[in-house]
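Below is one structure; the comments refer to it alone.
Just so it is clear, none of the values below were taken in a lab; they were calculated from the coordinates. Source: prediction; values computed, not measured. Here Cβ is always computed from backbone atoms with ideal geometry, including for glycine, and neighbour counts include all displayed protein chains.
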């Protein structure tokens, strides 16, 4: 029997020679599901094999940003300009041989920035220690794709990240799967589908070993989105793009690049000269979806100088967790002033969601 890598190659060859049309749709869907399953199995086997020296990174601050780019695009120069780190800088490839962290402070947030070795084609297959780099990227909260103004083929980076099960600026499909012990696969669509039908969903579920489950699909999706959901190991991360060395080109040339990369949040910079870095910091801050909360001790004025920085969508319970591990256990109630309060000083519980620049008092048991 062929080994797992040979099986993957066979499926890839079959997919490459099969033209997509109505008649081959089911066949291609099954092949895609089989290939995704085989690749997941191969990755699990690799993770159980001999360990190679990785990049040990201790997370710090309120969030982590990973700088991902080709070798020699200026990642280390950027890190040195916007953080307290000192990363080696030289005008030749592969200067950075390990992961160098730095800390950037902006609007009260402490943001960890990671300078990683450059990614190259087939990094996801281990080339250029790509697997170690990608494992660090998976721990980030935001990916900063950094490209050279003269080398703008961003799709190579995106494909390597995709092969490593990272999905940029996407969200999981609106699907619910409830496993059961009998009854087969029951499929319910709540909206019209462009490519999927009930039989194809059942075949793809079976390819992953699911034979009994109720599956509800609540939006129009394709085979790849269904596979991503069934696999359960895809990571969905926000990403923005920094175009470096833009001081070396004319504005018209830059406009052509921006047109070619339409759909991305693009920040033109010249890292060495410090150009565009304020906007880059602002875009990173926005992409990380931070909000600022001002704490008001009971009977005292609020601290309006040093806010508590937390993620958008946080509630009072999460604020308690970020202050002290005993706060939630001893929690009595909280008072809120600001956008999330129905009236100033509203008394709320742990599940109350806060909004940017709310003022919060937390009362705990003595």
How big is the antiparallel share of DSSP beta bridges in the chain, given as a percent to the nearest 5? 50
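Sequence gap at least 6, Cα distance under 8 Å: using those rules, report the relative contact order of the chain to the nearest whole percent.
In percent, rounded to a whole number, it is 13.
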Protection proxy ranking, peptides 207-218, 3-14, average beta carbon neighbours within 10 Å, highest first: 207-218, 3-14
Looks like the stretch 290-364, by Cα gyration tensor root eigenvalues a ≥ b ≥ c and the a/c under 1.5 rounded cutoff (else prolate when a/b is bigger than b/c, oblate otherwise), is rounded
Using a ≥ b ≥ c from the Cα gyration tensor of the stretch 125-202 (square roots of the eigenvalues), is it rounded, prolate or oblate, where a/c under 1.5 gives rounded and otherwise the larger of a/b and b/c decides, a/b for prolate? prolate
At R0 = 25 Å the Cβ-Cβ FRET efficiency linking residue 139 and residue 176, nearest 0.05, sits at 0.35
Helical contribution to [θ] at 222 nm, DSSP H n ≥ 4, -39,500 (n - 2.57), averaged over the chain, rounded to 500: -9500 deg cm²/dmol
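Highest first, please rank the peptides 351-360, 18-27 by the mean number of other Cβ atoms sitting within 10 Å of their residues.
351-360, 18-27
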Per its Cα gyration tensor (rounded if a/c is under 1.5, else prolate when a/b beats b/c, else oblate), the chain is best filed as oblate
